[in-house]
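Supplied in structure tokens, the structure appears directly below.
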Amino acid sequence: MIAATTKAWVEKRIPAAERVKYMSGPVDFVDDAAIERTIAANAKPEAGRVREIVRKSLAIQTLLPAETAALLNVTDPGLIDEMEDAALAIKKKVYDNRIVTFAPLYMSTVCVNNCRYCGFRSENNEIRRGVLSQEEVRRETEVLAGVVGHKRLIAVYGEHPRSDTEYIAETLRTIYSVQMKTKRGYGSIRRVNVNAAPLPVADLRVLHQTGLGTYQVFQETYHHETYRNMHPAGTLKADYQWRVYCMHRAMEAGIDDVGIGALFGLYDWKFEVMGLLYHTLELERAFGIGPHTISFPRIEPAQNTPITAELPRKVTDAEFRRAVTVLRLAVPYTGMILTARESVQTRNSLISMGITQMDASSRVGLGAYSDTKPDQQPDRQQFILGDTRSLDELVGSLAQKGYITSFCTAGYRCGRTGKCIMDLLRSGQEGKFCKLNAVITYREWLDDFASEATREAGEKVVVREIEEIRANNPIVFEAFMKNYERTRAGERDLYF
Ligand code: SF4
């Protein structure tokens, strides 16, 4: 039962003028029938055409719907191998061997919506409800920044007056204010991305001014009828257009790093990949900037949420792999996030499909980082995690595979966001800054947080990276080494 004050808040939440502002007519930019037709019309792509499309991806150009549909329909194992090789080559070209890490920080378990697949839906009376106080946010941050060693968070908020924009802004200020002493220096969170409900422009401006990193809102499903079925009428989330245009409002508010995503398992996976592409093309058309990141979570089990056990469109591992590969090829410049919802095995096997960001040491229960009971507790989590490895384990495992974990957050603080970062990514120049910052932040992390085994694996990565910078970027090598040595000596947060 929703309280009268909450109901009043819900009723005033969506300003009518903003809802339709970016629509050019009665319909939005996701044309379900056109997507279905395009998938059907490209059912049997010839090998020559597939290779031509892949060459376009390798040139870091966004694909068209027909091209993406063709890749989704490839069945020849040899061609699929070629696509996977290209996905990795694109990742290397744009992001080199860097993987960015982060942790989710859940701020609340209250929500006015009633999404059928979500453990936090308002009608679920088997969830413990709450909103973190600022003191609790501080305690969670102290663990993440001072013990685990994260520099980047995704703060997650349910849609509710108790976790409204003012609350979100206050939590950002609290997180940024925490500084913890470490073995050799200090730890702090330097970038807070936000996963929250679609907001009006004025609210988004407030968050932008408070230092929000990426604004992330997932459409869940781009298929209109499925969207209606999953989000009961009368709830805020039932409004497909309010949600699908929220990144337009974010851009208007000055937030040009936006993260889009779909929840795989609600409708046909090929359709959702096409929906993500349509969203990308629309943002490119309207603002000249595509999404900073794309996420593709698969639905996981949740407390007292039967639909998660009998998914309408369960996505197999093989289909998921293809979805990730095609997304990498279709939007070659974007960051791709593979979260700890997935198992260790799935995450390990998909890294080479072009993944750029992974979370670690993740806990999705409210207040779970500072809790003394580390186990997952289904009655205070939105879903159950598949990979509970620590950040130290992930960094060590990535090092063994030849990846450097980047803790860099400089781009956002140097104004390298939005179109600026997109142009740098497309031209392969972003790596010039990122490689330097990756090594410096990796050095910090190894000295402050690494176990002996991880440090040993990490030192080999550092040696190789420094040699690469010396060989490929000689002009900045001296300046880089100065910052590197200052970091070794205990200075923190130096960046280019
Ligand atoms: S998916 Fe999000 S909006 Fe829907 S019930 Fe869960 S927390 Fe609320």
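Pick from region 252-261 the residues that are in contact (Cβ under 8 Å) with a residue 60 or more places away in the chain and away from the ligand (no atom under 16 Å from the Cβ): which of them is nearest to Thr339 (Cα to Cα)?
That would be Asp257.
Regarding region 161-184, can at least one residue be identified that is at pLDDT 95 or above, in contact with a Cys (Cβ under 8 Å, 6 or more places away or on another chain) and of a type in the set (D, E, K, R)?
No, every residue in region 161-184 fails to be at pLDDT 95 or above, in contact with a Cys (Cβ under 8 Å, 6 or more places away or on another chain) and of a type in the set (D, E, K, R).
Then there is this: Inspect region 330-338 for any residue being in contact (Cβ under 8 Å) with a residue 12 or more places away in the chain and farther than 30 Å from Glu284 by Cβ and give the result as yes or no.
no
In region 291-337, what count of residues is obtained for those that are touching a Gly at 6+ places or on another chain (Cβ under 8 Å), surrounded by fewer than 23 Cβ atoms within 10 Å (Cβ to Cβ) and farther than 23 Å from Val217 by Cβ?
Qualifying residue count for the region: 3.
A follow-up question, please. Where residues in region 73-85 are more than 22 Å from the chain's Cα centre (by Cα) and touching a residue at least 12 places away in the same chain (Cβ under 8 Å), which of them is nearest to Lys270 (Cα to Cα)?
Only one residue tops the list, namely Asn73.
Also, quick follow-up: Which fully enclosed helices (runs of 4 or more DSSP H) of region 201-277 have 3 or more residues being modelled with pLDDT of 95 or more and closer than 18 Å to Ile307 by Cα?
Where helices (runs of 4 or more DSSP H) fall fully within region 201-277 and carry at least 3 residues being modelled with pLDDT of 95 or more and closer than 18 Å to Ile307 by Cα, they are 224-230.
Here is a further query. Please find, within region 167-200, the residue that is farthest from the chain's Cα centre (by Cα) out of those that are in a strand (DSSP E or B) and surrounded by fewer than 19 Cβ atoms within 10 Å (Cβ to Cβ).
Taking the candidates together, the pick is Lys181.
The values are calculated or read from the model by the stated rules, or taken from the named source; none is laboratory data. These numbers come from a predicted model, not from an experiment. Ideal geometry is used to build each Cβ from the backbone, glycine not excepted, and the neighbour counts take in all protein chains shown.
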